[in-house]
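This report refers to the structure that appears directly beneath it.
The values are calculated or read from the model by the stated rules, or taken from the named source; none is laboratory data. All of these numbers come straight from a predicted model, not from anything done at the bench. Here the Cβ positions follow ideal geometry from the backbone for every residue, glycine too, while neighbour counts run over all protein chains shown. What goes into the accessible areas is simple: the full protein's heavy atoms, side chains included, and nothing from ligands, DNA or RNA. Shrake-Rupley method; radii C 1.70, N 1.55, O 1.52, S 1.80 Å.
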Amino acid sequence: KLLKEFSFKPPDDKSYDFDNIEKLFLGEIGDFRNSDGGFRLWKENRQYQGEMSDPYLTAYVIFVLNIAKNKGYEVDNDILYGAVSFLRKYMKDPPRDGYSYIIESFSFINYTFALSGIKDDSISKLLLEKKKHLSLRGNGFLALSLAIQRGVKKYSDDRDIKSIMELFKNSMEITARKV
């Protein structure tokens, strides 16, 4: 819509046909899916046995599919549920290395689950216990998840969300010229 309003003309190449970008994305999303339901970065590697599904990317795909679904686009529920299934398995037995990556991924996964209407308070509870290990982005996803899960309209009405917002405020540097 924005591109049309500013009369931006994309190149003639099909990959840049913004009028069909939804069709291109939603139509080809399955090409990036692995047999475990998770997603990989490149569709060309489908036959390569070593190509692992990426949990953060898979959560992002769920996020985008939810946006598409809410905007009225047809979304393949098998792809959506397969991705959720992959992430549930991942969270039960994450790899032993990369703790900060895992905890950040859990935060985003929790948010995408909340957007999908999946109720799992255990993830939020774990993240609340580990919130000091989360980045600001991770804490932001946690606060959004809690707001959705608990139906919170005003952050100050929820003790946990309020504490996360205080963390944000305490992380800001406020001067006369910038925040």
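For the stretch 118-143, a residue qualifies if it is surrounded by fewer than 19 Cβ atoms within 10 Å (Cβ to Cβ) and more than 20 Å from Tyr99 (Cβ to Cβ), and the qualifying residues are Ile118, Lys119, Asp120, Asp121. Restricting attention to the stretch 82-98, the residues that are closer than 23 Å to Trp42 by Cβ and at pLDDT 90 or above add up to 8.
Is it true that some residue in the stretch 161-177 is within 30 Å of Arg88 (Cα to Cα) and open to solvent by 70 Å² or more (accessible area, probe 1.4 Å)? Full working, then the answer.
Start the filter on the stretch 161-177 by keeping residues that are within 30 Å of Arg88 (Cα to Cα), which leaves 161-165, 167-168.
Within this subset, residues satisfying the condition of being open to solvent by 70 Å² or more (accessible area, probe 1.4 Å) are 162.
Within the stretch 161-177, one or more residues are within 30 Å of Arg88 (Cα to Cα) and open to solvent by 70 Å² or more (accessible area, probe 1.4 Å).
Considering only helices (runs of 4 or more DSSP H) fully contained in the stretch 40-140, which possess at least 3 residues that are over 15 Å from the mean Cα position of the chain (by Cα) and within 28 Å of Phe25 (Cβ to Cβ)? Correct list: 77-92. Filtered by the rule that a residue be in a helix (DSSP H, G or I) and surrounded by 13 or more Cβ atoms within 10 Å (Cβ to Cβ), the stretch 144-160 gives Leu144, Ser145, Leu146, Ala147, Ile148, Gln149, Arg150, Tyr155, Asp160.
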